Amino acid sequence: MNVIFTCGGTGGHINPAIAVANILRERHPDCKILFIGAKGHMEEQLVPQAGFELKCLEISGMSRGKSLSAIKKNIKAVSQTVKAVNQCKKIIRQFGADAIIGTGGYACYPALKAGTQMKIPTCVHESNAMPGLTTRMLADKVSRMLICFPESAKRYKNPDKVETVGMPIRREFVYTDKAAARKELGIGDELLVVSAFGSLGAKKMNETVAEMLSLEKADGFPFKHIHATGKFGWEWMPDKIREYGIDADNCPNLDMREYIYNMPTLMAAADVFISRAGASSCNEIAASGTPAILIPSPNVTDNHQEKNARVLSERGGAVLLLEKDCTAQTLYDTVKTLLSDRSRRDQMSIALRKDVILDSAERICDILDELTHKS
């Protein structure tokens, strides 16, 4: 079996593909796996680190603007895409692909388009509740459309092609025990809040959290708070909280760091988790069963983060706050309300885990086996 994975741009697109590829390699040790992505993006680091071969093409995304520069950008993007589709056909023939799976981002369009034209079994995994542009362009052409949320099925024209498979995530998010996680972190019975807004750090939300920390200080830091600033936030946020009179180095209930490397452990230990609402984050929150406050980024295509957040909030597993309404006081009051109600948090955990698909990667591998067998 020879399988091509195509993805790119963000970890939310790349990591699920790697998770499936690992299961596929366990299941079929003699299978050949190739990744196709875009030059200059995160896949150039993550895919080789995972031990897979990667070919990168010159591809760029489309602009939704109407300015002259946006039009020029789109003309270039179309030209690159046409060239990339032809390059992918050559790669597919040389590799002898039996199936092609895309897990999101504009980088996956050329290989999937080439595959459909060459009558090779193809499938797309859409991690967001609302299908993105690439997914919408390919949904009617691919052999199978794989989705995370059953609520999303109604957004596709051909229900016979659609299958709910969940989101492939690290097993630690599912199986890390809360008591063991808190013991590992040296946390006793105190309440724990964890907040993070991406590897770079959302400036607006970091500013809100910085002001919220001043409210926590005024209350004598009533709970333990671990906050990841992200790469850019780390450059200014320590100075900002000092302006609020907070000495992070000598405050036992505050742990501010650039990045969280052991997220499954922290998410399992947390009583409340605060974050954006990217597909990966939402699925990790659901798998861990951690009550969450979700503040979707308003700066994403098709407002898909808000739609992701609404899926979890309508299930009863998360509180949705829109960024325009999220002041430091509002966020602090929401945190305190959740921390004061153990019964509600328990119900949120149950609601989050109710519809989680624990064997997502295995299900996708089953579909790849089926498609290659049929072909």
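No lab work stands behind these numbers, since they all come straight from the coordinates. Everything numeric here is computed off the predicted structure, so don't read it as measured data. Cβ sites come from the backbone with ideal geometry, for glycine too, and all protein chains shown count toward neighbours.
What number, in nm² with one decimal, is the all-direction average of the projected area of the convex hull of the alpha-carbon atoms of region 172-354?
For the Cα atoms of region 172-354, the hull's average projected area reads 9.6 nm².
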| query | Going by alpha carbons, how many degrees (0 to 90, nearest 10) lie between the helix axis of 203-218 and the longest principal axis of the chain? | reply | 20 degrees
| said: As a test of the definition: which semi-axes, in Å, follow for region 259-375 when you take the square root of five times each eigenvalue of its alpha carbon gyration tensor? Largest first, please. | reply: 29, 17, 13
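Under a Cβ-Cβ cut-off of 13 Å, what is the net charge of the residues other than residue 36 that fall near it, where Lys and Arg count +1 and Asp and Glu count -1?
In short, +1.
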| query | Taking the simple approach of a point 7 Å from Cα along Cα-to-Cβ for both residue 171 and residue 141, what is their distance in nm? | reply | 3.7 nm
| remark: Under 5 Å from the placed amide H of residue 102, counting only residues 5+ away or on other chains, we find 6, 123, 124, 125
| query | So between residue 76 and residue 117, what do we pick up on full extension, going 0.36 nm a residue minus the alpha carbon distance? | reply | 12.5 nm
| request: Mind running the shape call on region 56-171? Use the C-alpha gyration tensor, a ≥ b ≥ c as the square roots of the eigenvalues: rounded below 1.5 for a/c, prolate if a/b tops b/c, oblate otherwise. | output: oblate
| task | Per residue of region 324-331, in order, report the coupling 6.51 cos²θ - 1.76 cosθ + 1.60 (Karplus, θ = phi - 60°) as ³J(HN,Hα) in whole Hz, putting x for Gly and Pro. | result | 5, 9, 9, 7, 4, 5, 4, 5
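Can you tell me how much longer the chain between residue 83 and residue 28 gets when fully stretched, taken as 0.36 nm per residue apart minus their C-alpha distance, in nm with one decimal? Don't skip to the end; give the middle numbers.
On the way: separation 55, 0.36 × 55 = 19.80 nm, distance 3.27 nm.
Length difference between fully extended and current span is 16.5 nm.
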| note | Expected sort for 54, 34, 191 with the fewest Cβ neighbours (10 Å cutoff) up front is 54, 191, 34
| remark: Place a point 7 Å from the Cα of residue 359 in the direction of its beta carbon; the residues of region 1-36 whose amide N falls under 15 Å from it are 23-24, 27
| said: Let's test the formula: R0 of 51 Å, r as the Cβ-Cβ distance of residue 50 and residue 314. What FRET efficiency results, to the nearest 0.05? | reply: 0.90
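Only counting other Cβ atoms within 10 Å, I'd like 82, 162 sorted with the fewest neighbours first. Write out the running numbers ahead of the final one.
Values: 82 12, 162 19.
Ranking 82, 162 by Cβ neighbours within 10 Å, fewest first, gives 82, 162.
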| said: Taking amide H atoms as placed 1.01 Å from N in the peptide plane, list the residues 5 or more away in sequence, or in a different chain, whose amide H sits under 5 Å from that of residue 57. | reply: 37, 38, 39
| query | Could you put 28, 227, 125 in order, starting from the residue whose Cβ has the fewest other Cβ atoms within 10 Å? | reply | 28, 227, 125
| Taking the Cβ of residue 57 as the center, what net charge do the other residues with Cβ under 13 Å away carry, scoring Lys and Arg +1 and Asp and Glu -1? | +3
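Highest first, please rank the peptides 151-157, 334-340 by the mean number of other Cβ atoms sitting within 10 Å of their residues.
334-340, 151-157
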| Potential extension, residue 219-residue 325 segment - 0.36 nm per residue separation minus Cα distance | 35.9 nm
| Per-peptide average of other Cβ atoms within 10 Å, ordering 267-276, 83-92 highest first | 267-276, 83-92
| request: Could you state the angle between the C-alpha long axis of helix 279-288 and the longest principal axis of the C-alpha atoms of the chain, as a value from 0 to 90 degrees rounded to the nearest 10? | output: 60 degrees
